Amino acid sequence: MAAAASAAQPSAGGAPATEGTKAKPSCAGYDWLIVGAGFAGAVLAERIASQRGERVVVVDRRDHIGGNAYDHLDAAGVLIHRYGPHIFHTNSEQIFSYLSRFTGWRPYEHRVLAEVKSPATGETMQVPMPINLDTINRLYGLSLTEDDVESWLASRAEQVDQVRTSEDVVVGKVGRELYELFFRGYTRKQWALDPSELDKSVTARVPTRTNRDDRYFTDRFQAMPAEGYTAMFRRILDHPLITVCTGMPFEDARRRFAFRRLVWTGPVDEYFGFRFGKLPYRSLRFRHETLDREWALPTGTVNHPDEATPFTRVSEYKWMTGQTHPKTSVTYEYPSAEGDPYYPIPRPENAALYKRYEALADAEADTWFVGRLATYRYYNMDQVVGQALATFERIQKTVPREAANQNRAAGRVAAGD
């Protein structure tokens with residue numbers, strides 16, 4: 001079994017209990033040092049250990065595994081996501097099948113409401129987001145059909161000759177009024193930039209629908225790990241050739257361990273000592289609150305696009321986890337310029353700065369850069385898993401294995417691993 005630091009054991013009902021104690025790391029040499037115990041690091045550690053028979057040490061400066069997907073029981077016993085809601089969705093059968101080796105699933109389709117004022121009445125109401133047929137009808141007191149709403153939206157859309165910014169995307173689809181109502185304030189809070197200053201990719205992620213589909217995502221596979229993300233990560237890392245050390249920065253690990261190759265999943269600019277300056281990120285501050293009632297929200301997440309409201313959204317985890325509990329816990333999200341890096345800021349000058357770091361990364365011998373921070377991309381969880389699996393295939397093709405490692409891998413396969 002992997003020497004997993006701070007890996008919580010399952011509690012009654014399958015949810016992770018409080019974190020365990022840190023394992024004492026081995027001082028033996030390793031084939032690989034993997035920095036970061038989130039999706040990118042964990043998937044690559046599992047693939048390298050199980051398929052190549054090579055020894056891996058995974059380190060993370062945080063005191064837990066799972067990266068930003070880490071979940072745990074709060075003081076009231078409610079399973080929460082420490083870093084805000086993480087909803088798993090993917091269209092990739094390969095990615096879903098891979099993760100299914102380490103978790104059962106609870107089917108879950110996320111739904112979001114936006115709290116806005118009706119342009120018709122001035123009344124504050126909560127309406128489906130992304131914008132759909134019911135959103136329009138409720139906001140404007142209309143009775144449009146699916147056939148009607150497309151032409152209604154087209155009549156309000158502005159002509160945009162060349163779509164370049166996030167503002168262009170939205171006003172070209174739904175017009176200025178809905179843009180101001182749903183997107184401008186939310187985006188300015190989230191990114192500290194006006195949508196007219198952001199790449200079109202930001203708002204292009206959010207569709208507009210002419211039917212009544214109120215699901216936030218439409219992917220083929222939508223589900224939550226049945227026992228939580230931390231339990232899934234614990235199983236991914238449960239291998240005799242994997243050692244996990246949390247609460248350990250990279251600088252400590254490189255002094256303590258002998259290793260031949262490196263996987264880096266942290267910020268790429270940090271790896272190179274910020275040689276060309278810092279890559280800009282947005283961060284988040286989370287306010288977790290437990291309420292002495294069974295439910296707090298009408299759905300999993302309520303967005304607050306109004307710029308006067310300091311938080312962007314509030315989420316209630318029991319919708320996602322299916323947990324039965326007399327109390328409930330919610331999380332408010334406050335965007336910030338300070339704190340852990342979460343979101344690469346999609347601006348042309350930032351992309352150009354990343355290209356300079358990418359050139360350094362490409363030239364770094366025996367080192368692989370994987371994940372959102374290491375490649376400065378706004379990836380969903382499934383995309384990070386896909387990137388890690390693709391990176392492993394490249395490793396298989398380009399990195400020779402020693403005979404002893406091949407024998408270890410063959411032995412594990414023969415034993416049914």
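The values are calculated or read from the model by the stated rules, or taken from the named source; none is laboratory data. These numbers come from a predicted model, not from an experiment. Neighbour counts run over all protein chains shown; Cβ positions are idealised from the backbone, glycine included.
What to note about this one:
- Only residues that are surrounded by fewer than 16 Cβ atoms within 10 Å (Cβ to Cβ) and either hydrophobic (A, V, I, L, M, F, W, C) or touching a residue at least 24 places away in the same chain (Cβ under 8 Å) (or both) were counted in segment 310-324, giving 2.
- Filter result (out of contact with any Gly (no Cβ under 8 Å at 6 or more places or on another chain) and of a type in the set (A, V, I, L, M, F, W, C)) within segment 371-397: 381, 385, 389, 390, 392, 395
- Taking segment 128-138 as the range and being farther than 19 Å from residue 157 by Cβ and not in a helix (DSSP H, G or I) as the test, only 128 passes.
- Residue list for segment 361-417, filter: among the small types (Gly, Ala, Ser), loosely packed, with under 14 Cβ neighbours inside 10 Å, at pLDDT 95 or above and outside any helix (DSSP H, G or I): 365
- Residues of segment 97-125 that are part of a loop (DSSP other than H, G, I, E, B), crowded, with 17+ Cβ neighbours inside 10 Å and among the hydrophobic types (A, V, I, L, M, F, W, C): 102 alone.
- Residue count for segment 103-125, restricted to those that are touching an Asp or Glu at 6+ places or on another chain (Cβ under 8 Å), more than 12 Å from residue 182 (Cβ to Cβ) and not β-branched (Val, Ile, Thr): 3
Each row is one residue, and each column tells you yes or no for (1) charged (D, E, K, R); (2) part of a helix (DSSP H, G or I).
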site: 170; (1), (2): no, yes
site: 178; (1), (2): no, yes
site: 182; (1), (2): no, yes
site: 189; (1), (2): yes, yes
site: 230; (1), (2): no, yes
site: 233; (1), (2): no, yes
site: 238; (1), (2): yes, no
site: 260; (1), (2): yes, no
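- Considering residues of segment 325-364 that are among the small types (Gly, Ala, Ser) and touching a Lys or Arg at 6+ places or on another chain (Cβ under 9 Å) only, the residue farthest from residue 36 (Cα to Cα): 329
- If the condition is being of a type in the set (Lys, Arg) and in contact with a Phe, Trp or Tyr (Cβ under 7 Å, 6 or more places away or on another chain), then segment 107-146 contributes only 111.
- Condition met for residue 283 (over 23 Å from residue 130 (Cβ atoms), touching a Pro at 6+ places or on another chain (Cβ under 7 Å), modelled with pLDDT of 95 or more and in a strand (DSSP E or B)): yes
- Of residues in segment 256-294 being more than 20 Å from residue 246 (Cα to Cα) and in contact with an Asp or Glu (Cβ under 7 Å, 6 or more places away or on another chain), the one surrounded by the fewest Cβ atoms within 10 Å (Cβ to Cβ): 278
- Boolean, residue 302 is out of contact with any helix residue (DSSP H, G or I) (no Cβ under 9 Å at 6 or more places or on another chain), of a type in the set (Val, Ile, Thr) and either assigned to a strand (DSSP E or B) or within 29 Å of residue 354 (Cα to Cα) (or both): yes
- Scanning segment 325-334 for residues being of a type in the set (Lys, Arg) and either free of Cβ contacts under 8 Å to residues at least 40 places away in the same chain or over 14 Å from residue 74 (Cα atoms) (or both) gives a total of 0.
- Flag for residue 202 being in a helix (DSSP H, G or I) and modelled with pLDDT under 95: yes
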